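Participant: Please find one structure pasted underneath; my questions will follow.
The numbers here are math on the coordinates, done by the rules we state, and not lab data. These figures come from a predicted structure and were not determined experimentally. Cβ sites come from the backbone with ideal geometry, for glycine too, and all protein chains shown count toward neighbours.
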Ligand SMILES: NC(=O)C1=CN([C@@H]2O[C@H](COP(=O)(O)OP(=O)(O)OC[C@H]3O[C@@H](n4cnc5c(N)ncnc54)[C@H](O)[C@@H]3O)[C@@H](O)[C@H]2O)C=CC1
Ligand SMILES: CC(=O)C(=O)O
Ligand SMILES: [Mg+2]
């Protein structure tokens, strides 16, 4: 099977789907790997390293898309890439289809088989291909909050950790999963007071045990969210229902109750966001204000630290890519339930229940299509 790696074209997206080292692994297994010239530059990998690893370098994105049996990307295809989608190809990348109606239709109309990194799911519920980027985004979100709390950046001029004799900042983390726990660890490390709110009480028990510092854990309900958000200097949105649109748990009224110059980083924006006033932003124009509250809603946060993110992503995706490329898709899906859960569309049919329910589209369970 040919594996193709086009250059990412989303705003300020510097990650690349395969490192030269990963290309070498695929080539050693007998695959041809087609890499677009310049695809790795943003992550610090020149074309020469890909050539040494055995990749075939192609100048145009169209040539990579046309010749590859499996396209590996980082971000969901952008509208200008929809024309490349075909029936006889596998697309393996982040997709976030619950927040991408047009892309969902484009995949269905083209008959493309797509596997979303973020819905590959182990039997215990863990999301192994989302996890590394959630670790990055969770850690970054605290840098974001600290940055925008500074006066010159529009914030209320508060230091996360305070100083002796002056109260530290209050950071509220909505959803204590991978993003949330990484955010909490960073914020606690900087001396902030952190409140983590989650529906999963076992998760809160665990977090209370492993995290140290000024930490409060709260069950997720309207009252707890309203009270916490009102007093927060920073709010980090990190709830997820895998594959589905994020539940909106912070209302416009709650945002209006926050102090001017406080900051919301809605990391869950790639699934639609968990704050009523959130709308997607780009690295080139990352924030806007509503009710005097700074909103940061960048959908590809890890793209800003590509050297870390590309390696972290490859650690997780390469074993799956090797399995698909070696065994072929059908065989790989039969042998690997976690990968089968990642399939969102198969040959023009929607196989994700969560996406079907979000967009009111018919879906067919994968098991029915595989016979
Ligand atoms: N903007 C960006 O660049 C990035 C965004 N993300 C996104 O961040 C979000 C979170 O991802 P992960 O932490 O990996 O997910 P996760 O599954 O590890 O954690 C989600 C947590 O939300 C909790 N939750 C669900 N409903 C809730 C509710 N109503 N109230 C409170 N808690 C609730 C769950 O119990 C779980 O603990 C996802 O949408 C993911 O795609 C991840 C990486 C980068
Ligand atoms: C998960 C995701 O959307 C990202 O890493 O950009
Ligand atoms: Mg998106």
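Participant: Between 0 and 90 degrees, rounded to the nearest ten: what's the tilt of helix 131-149 against the longest Cα principal axis of the chain?
Facilitator: In the chain, helix 131-149 runs at an angle near 40 degrees to the longest axis.
Participant: Quick check: the angle from helix 201-210's long axis to the longest principal axis of the chain, C-alpha only, nearest 10 degrees?
Facilitator: For helix 201-210, the angle is close to 80 degrees.
Participant: Can you figure out the FRET efficiency of residue 63 with residue 252, using R₀ = 51 Å and their beta-carbon distance, to the nearest 0.05?
Facilitator: The computed FRET efficiency comes out at 0.60.
Participant: Further question on the same structure: To the nearest 500 deg cm²/dmol, what mean residue ellipticity at 222 nm is calculated for the chain from DSSP H runs of n ≥ 4 alone, each contributing -39,500 (n - 2.57), summed and divided by the residues?
Facilitator: -10500 deg cm²/dmol
Participant: Which order, highest average first, do 97-108, 203-214 follow once you tally other Cβ atoms within 10 Å for each residue and take the mean per peptide?
Facilitator: 97-108, 203-214
Participant: What does the convex hull of the Cα atoms come to per residue for region 143-217, in Å³?
Facilitator: For region 143-217, the hull spanned by Cα atoms encloses 81 Å³ per residue.
Participant: Continuing with the same structure: Need one number: convex hull volume per residue for the chain, Cα atoms only, in Å³.
Facilitator: 135 Å³
Participant: Follow-up. Using only C-alpha atoms and all pairs of different ones, pull out the Kirkwood radius for region 268-368 in Å with one decimal.
Facilitator: Here the Kirkwood hydrodynamic radius works out to 16.7 Å.
Participant: Suppose we keep just the DSSP beta bridges with both residues in the chain; what percent of those would be antiparallel, to 5?
Facilitator: In the chain, DSSP labels about 20 percent of beta bridges as antiparallel.
Participant: Now for a different question. What base-10 log of the normalised intensity I(q)/I(0) is obtained for region 168-324 from the Debye formula, alpha carbons as equal point scatterers, at q = 0.12, 0.19, 0.20 Å⁻¹?
Facilitator: Normalising to I(0) and taking log10 leaves -0.52, -1.23, -1.33.
Participant: In region 99-254, if every C-alpha pair distance is counted and binned at 5 Å from zero, what percent goes to each bin?
Facilitator: In order of increasing distance, the bins hold 2, 9, 16, 19, 19, 14, 9, 6, 4, 2, 1, 0, 0 percent.
Participant: Give the whole-number value, in cubic angstrom per residue, of the convex hull volume spanned by the C-alpha atoms of region 1-122.
Facilitator: Dividing the Cα hull volume of region 1-122 by its residue count gives 107 Å³.
Participant: Using only the Cα atoms of region 64-169, build the gyration tensor, take square roots of its eigenvalues as a ≥ b ≥ c, and label the shape rounded, prolate or oblate: rounded if a/c is under 1.5, else prolate if a/b is larger than b/c, else oblate.
Facilitator: prolate
Participant: Please sort 309-321, 47-59, 169-181 by packing, taking for each peptide the average over its residues of neighbouring beta carbons within 10 angstrom, highest first.
Facilitator: Per-residue Cβ counts within 10 Å, averaged per peptide and sorted highest first, yield 169-181, 309-321, 47-59.
Participant: A follow-up question, please. Compute the helix-to-body angle for 101-110: its Cα long axis versus the longest principal axis of the chain, expressed 0 to 90° and rounded to tens.
Facilitator: 10 degrees
Participant: How many angstrom lie between the Cα centre of region 145-202 and the Cα centre of region 336-371?
Facilitator: 38 Å
Participant: Round to a whole angstrom and tell me the spacing of the C-alpha centers of region 248-299 and region 5-27.
Facilitator: Cα centroid to Cα centroid, the span is 30 Å.
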